[in-house]
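The values are calculated or read from the model by the stated rules, or taken from the named source; none is laboratory data. Fair warning: this is a prediction, and the values are worked out from it, not measured in the lab. Heads up, the Cβs are rebuilt from the backbone with ideal geometry, glycines too, and the neighbour counts pull from every protein chain shown.
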Amino acid sequence: MIAISGLAKKFRVENPKKLSEQDKKDPRLEGRFFHSVKEVSLRCEKGEVLGLLGPNGAGKTTTLRLLSTALQPDAGTMYIGDTDVIKDPVGARKKIGFLSGSTGLYGRLTGRENIAYFGRLNGMNDKDINQRIESLGEKLDMLSFLDRRSETYSTGMKQKTSIARAVIHSPEVVVLDEPTTGLDIMAAKTVIDFIKDLKSQQVPVIFSTHHLEEVTELCDKVTVIDYGETTFDDTLEGFKALSPDGLHASFMASLKQGVA
Amino acid sequence: MWLVFKKELLELLRDRKTLFFMVALPIVVFPLLFGGVTYFMSQAVSEAQTKTLNYAIIGQDYGLELVDKLAGVESLSLQSLETQPIDDEQKKTLVRDGEVDFIVEIPSNFGSDIINTGQITIKVFLNDAQFNSVQSRLSDVIDELEATYQRVAFASLGLNEDQQTGLLNPMVIEKVNVADERESIGAQVGGLIPYFLFLLCLQGAMLPAADIGAGEKERGTLETLLLSPISRQNIVLGKFLTIAFAGVISALVTVLSMAIWGIVLSQGMAIKVVSDFMASIGLLDFLLVFLMLVPIVAMFAAILLALSIYARSYKEAQGYMTPLVFLVIVPVLVAVIPGIELKGVWAWVPLTNVALAIKELIKGTMDYVQLFAIFGSSVIIAGALIAFCVHWFNKEKVLFR
């Protein structure tokens, strides 16, 4: 279970003169601070998949970074199961499998070494790591390239390795930041199948995306963030019901809701 | 912590570029370069000294004895000039145009009776910008004549041998050096050794440092690492150890290769001096020199890591690190200034104190009590720098720039 409520995060603007015209119009800019996330709440129960939607720069990545303890929030609460993420970040990290949009691999290590390193950082022993890599490798169809240096990988191979790395320690919850962006259809399908598989294991998944068809295929719940605020947070059915003209219209409707 | 260290090291070893700079460069490339330059230098020198030079003599009739002697030198060949030059300008032109390599002008007062001739000035026209040791070849001949004439002159004056030496060189200064050989050699090289060691350590630590901090940020692996359930201290310490280790190893590799190649390349006398000198230093002092490097490398590694983690990219990190070299040179140069010794305040100045201590150790005049001050100040500074690194690793502003 993941529960976030009233989450807020502001960044200090180092040089206000450097901001572009568009940035200055953003209502989140107040004085010397940019309130990237102002009021985000969402909830994802066991076995649910939550799709996080929103325009670029809306605060999706910041929200996920806050949840993954990379950043510290200014206000709000976050719980993973019964762990308070803010009070016990190290404990929370053990429970989260996080894949950020800009993540990379250690190019000079093989895929297997990359995954194993994070397994060890999570306190796993070598035997467990090997077993886990074998089963993940099969599931994600990556056994053929696991022992090559990861700098030679294609984008899809890298993404698969990154996902395997994120879930090596069998986390309680999985958070994926735009996991399918930039992938070819085959690789994207592997990722989607993997999310389905996690769902069948009752692991809650939060992922952000710009592909609405993925939302229909996978999600039980939808949360829309716009200008740092949750503008929609309900079931997929509720999201579809926003507009009779399909998902894109629903999405637009959800944004307007917030502005109004 | 060891986990991070082990992985960073593995990655470092897989990196051909870094390995090349750390190992291949000092072991193979530098010695080859130095060796090559030395070889060509000695070739050029010996060629210049044995090459046959053409010369002409003006005023042959005044000094037949000198003419004979010069003719006896194998590598010199006398040329007769088609037209006798009238003034100095013409002589200069002859040499400049390469008609002859040099012209010897024997004055009219030339003679063996030097008591009556007065000082004899032999003019030589030559292009001294060229490297062909005209003067040394001429001196060989002229010195010999000079000595003979002197002896004859002294004999005619009825002076015995002691009086002759006394007259030729009435006063001499004799140095009695109370410093033993180790101290005097140590004073000469002792200032240079820390200079080399420091720069090598810094250089060796730089590339891995840039890779481990900024490089990891650039590739997007840092965020993932920060999200794993390992405390920031351990990440910092693991990375710090890797950088320090790389620095020490590359310095050691370089020093060892210099020592080995030095022994291989130098021959005869030089070896004996070097090995005697090395033997006189003693194991304890060697160990202390090495131990001194530990806090220094720790300081370097902490600074480099802090810079590297602040930088947005590998390139930016290298930009920040380059000025460090100059910052390091200054305190080391201070240690070379005569009169600055390992006493009082200087024992507490970082880098300078270690440079001074290494010099003292090599000279064999170390005041071991000062070690406390040195280690004390170095450890405090290194510790503070590491603490600062940990602090920076907790700063969002630094990590997500």
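What number of residues in the stretch B:169-209 are farther than 13 Å from residue B:255 by Cβ, of a type in the set (Gly, Ala, Ser) and buried (at least 18 other Cβ atoms within 10 Å of the Cβ)?
Of the residues in that region, 5 qualify.
Tell me which residues, restricted to the stretch B:112-160, are within 30 Å of residue B:52 (Cα to Cα), more than 35 Å from the chain's Cα centre (by Cα) and either at pLDDT below 85 or of a type in the set (A, V, I, L, M, F, W, C) (or both).
Across the stretch B:112-160, the qualifying residues are B:112, B:120, B:122, B:124, B:125, B:141, B:142, B:145, B:147.
Could you run through the stretch A:87-98 and say how many residues are surrounded by fewer than 16 Cβ atoms within 10 Å (Cβ to Cβ) and either touching a Leu at 6+ places or on another chain (Cβ under 6 Å) or in a loop (DSSP other than H, G, I, E, B) (or both)?
Number of matching residues: 2.
Among the residues of the stretch B:362-376, are any out of contact with any helix residue (DSSP H, G or I) (no Cβ under 7 Å at 6 or more places or on another chain), farther than 21 Å from residue B:299 by Cα and basic (Lys, Arg)?
no
Quick one: how many residues across the stretch A:77-89 are touching an Asp or Glu at 6+ places or on another chain (Cβ under 8 Å) and either at the interface with another protein chain (Cβ under 10 Å from one of its Cβ atoms) or not β-branched (Val, Ile, Thr) (or both)?
2
Can you tell me how many residues in the stretch A:143-173 are away from chain B (no Cβ under 12 Å), of a type in the set (A, V, I, L, M), part of a loop (DSSP other than H, G, I, E, B) and closer than 27 Å to residue A:83 by Cα?
Of the residues in that region, 1 qualify.
Sort through A:105, A:71, A:183, A:176 and tell me the only one that's under 17 Å from the mean Cα position of the chain (by Cα), assigned to a loop (DSSP other than H, G, I, E, B) and within 13 Å of chain B (Cβ to nearest Cβ).
That would be A:71, the only listed residue that is under 17 Å from the mean Cα position of the chain (by Cα), assigned to a loop (DSSP other than H, G, I, E, B) and within 13 Å of chain B (Cβ to nearest Cβ).
Can you tell me which residue within the stretch B:380-401, out of those that are surrounded by fewer than 18 Cβ atoms within 10 Å (Cβ to Cβ) and within 14 Å of chain A (Cβ to nearest Cβ), is nearest to residue B:220 (Cα to Cα)?
B:400
Right, residue A:140: among the aliphatic types (A, V, I, L, M), in contact with a Phe, Trp or Tyr (Cβ under 9 Å, 6 or more places away or on another chain) and within 12 Å of chain B (Cβ to nearest Cβ) or not?
Working: among the aliphatic types (A, V, I, L, M): yes; in contact with a Phe, Trp or Tyr (Cβ under 9 Å, 6 or more places away or on another chain): yes; within 12 Å of chain B (Cβ to nearest Cβ): no.
Considered against the rule, which asks whether it is among the aliphatic types (A, V, I, L, M), in contact with a Phe, Trp or Tyr (Cβ under 9 Å, 6 or more places away or on another chain) and within 12 Å of chain B (Cβ to nearest Cβ), residue A:140 comes out as no.
Please go through the stretch B:353-389 and give me each residue that is part of a helix (DSSP H, G or I) and hydroxyl-bearing (Ser, Thr, Tyr), ordered by number.
Filtering the stretch B:353-389 down to residues part of a helix (DSSP H, G or I) leaves B:353-363, B:370-389.
Within the stretch B:353-389, B:377, B:378 meet the criteria.
A quick yes/no check of all residues on (1) more than 7 Å from chain B (Cβ to nearest Cβ); (2) not hydrophobic (A, V, I, L, M, F, W, C):
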| position | (1), (2) |
| --- | --- |
| A:91 | yes, yes |
| A:98 | no, no |
| A:111 | yes, yes |
| A:116 | yes, no |
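Determine which member of the set B:253, B:297, B:289 is in a helix (DSSP H, G or I), in contact with a Pro (Cβ under 6 Å, 6 or more places away or on another chain) and at pLDDT 80 or above.
On inspection, the qualifying residue turns out to be B:253.
Restricting to the stretch A:20-71, name every residue that is crowded, with 18+ Cβ neighbours inside 10 Å and aromatic (Phe, Trp, Tyr).
A:34
Please count how many residues of the stretch B:12-69 are surrounded by 13 or more Cβ atoms within 10 Å (Cβ to Cβ) and either of a type in the set (Lys, Arg) or on the phi > 0 side of the Ramachandran plot (or both).
The total comes to 3.
May I ask you to list pairs of residues, at least six apart or on different chains, whose Cβ atoms are under 6 Å apart, with the first in the stretch A:117-135 being free of Cβ contacts under 8 Å to residues at least 40 places away in the same chain and the second being crowded, with 18+ Cβ neighbours inside 10 Å and hydroxyl-bearing (Ser, Thr, Tyr)?
So the pair list comes out as A:121/B:228.
Taking the stretch A:19-68 as the region of interest, how many residues are assigned to a strand (DSSP E or B), modelled with pLDDT of 90 or more and aliphatic (A, V, I, L, M)?
7
Return the pairs, sorted by first residue and then second, in which the second residue is assigned to a helix (DSSP H, G or I) and acidic (Asp, Glu), the first residue lies in the stretch B:219-231 and is more than 7 Å from chain A (Cβ to nearest Cβ) and surrounded by fewer than 22 Cβ atoms within 10 Å (Cβ to Cβ), the beta carbons are less than 9 Å apart, and the residues are 6+ apart or on different chains.
Final answer for the pair search is B:225/B:216.
Condition (residue is more than 25 Å from residue B:65 (Cα to Cα), small (Gly, Ala, Ser), out of contact with any strand residue (DSSP E or B) (no Cβ under 6 Å at 6 or more places or on another chain) and in the same structural domain as residue B:87 (by TED's automatic domain parsing)) applied to the stretch B:127-145: is it met by at least one residue?
yes
May I ask you to list pairs of residues, at least six apart or on different chains, whose Cβ atoms are under 6 Å apart, with the first in the stretch A:150-163 being touching a residue at least 60 places away in the same chain (Cβ under 8 Å) and the second being among the hydroxyl-bearing types (Ser, Thr, Tyr) and in a loop (DSSP other than H, G, I, E, B)?
Short answer, once both residue conditions are applied: A:162/A:103.
Only helices (runs of 4 or more DSSP H) wholly contained in the stretch B:114-212 count here; list those with 2 or more residues that are more than 30 Å from residue B:289 (Cβ to Cβ). Full working, then the answer.
Numbers: elements: B:114-117, B:134-157, B:161-168, B:181-189, B:192-210.
Because the criterion is at least 2 residues that are more than 30 Å from residue B:289 (Cβ to Cβ), the helices (runs of 4 or more DSSP H) in the stretch B:114-212 that meet it are B:114-117, B:134-157, B:161-168.
Could you please find all residues in the stretch B:122-137 being surrounded by 10 or more Cβ atoms within 10 Å (Cβ to Cβ) and free of Cβ contacts under 8 Å to residues at least 60 places away in the same chain? Don't jump to the end; show me each part of the working.
Initially, the stretch B:122-137 is screened for residues surrounded by 10 or more Cβ atoms within 10 Å (Cβ to Cβ), giving B:122-128, B:130-135, B:137.
Residues satisfying the conditions are B:122, B:123, B:124, B:125, B:126, B:127, B:128, B:130, B:135.
Name, by its number, the condition in (1) outside any helix (DSSP H, G or I); (2) at pLDDT below 85 that does not hold for residue B:345.
(1) is the only condition that residue B:345 fails.
Does at least one position in the stretch A:239-250 carry a residue that is crowded, with 18+ Cβ neighbours inside 10 Å and either out of contact with any helix residue (DSSP H, G or I) (no Cβ under 9 Å at 6 or more places or on another chain) or touching a residue at least 40 places away in the same chain (Cβ under 8 Å) (or both)?
No, there is no match, as no residue in the stretch A:239-250 is crowded, with 18+ Cβ neighbours inside 10 Å and either out of contact with any helix residue (DSSP H, G or I) (no Cβ under 9 Å at 6 or more places or on another chain) or touching a residue at least 40 places away in the same chain (Cβ under 8 Å) (or both).
Which residue is farthest from residue B:211 (Cα to Cα), if the candidates are limited to the stretch A:50-68 and must be more than 8 Å from every other protein chain (Cβ to nearest Cβ) and of a type in the set (S, T, N, Q)?
A:56
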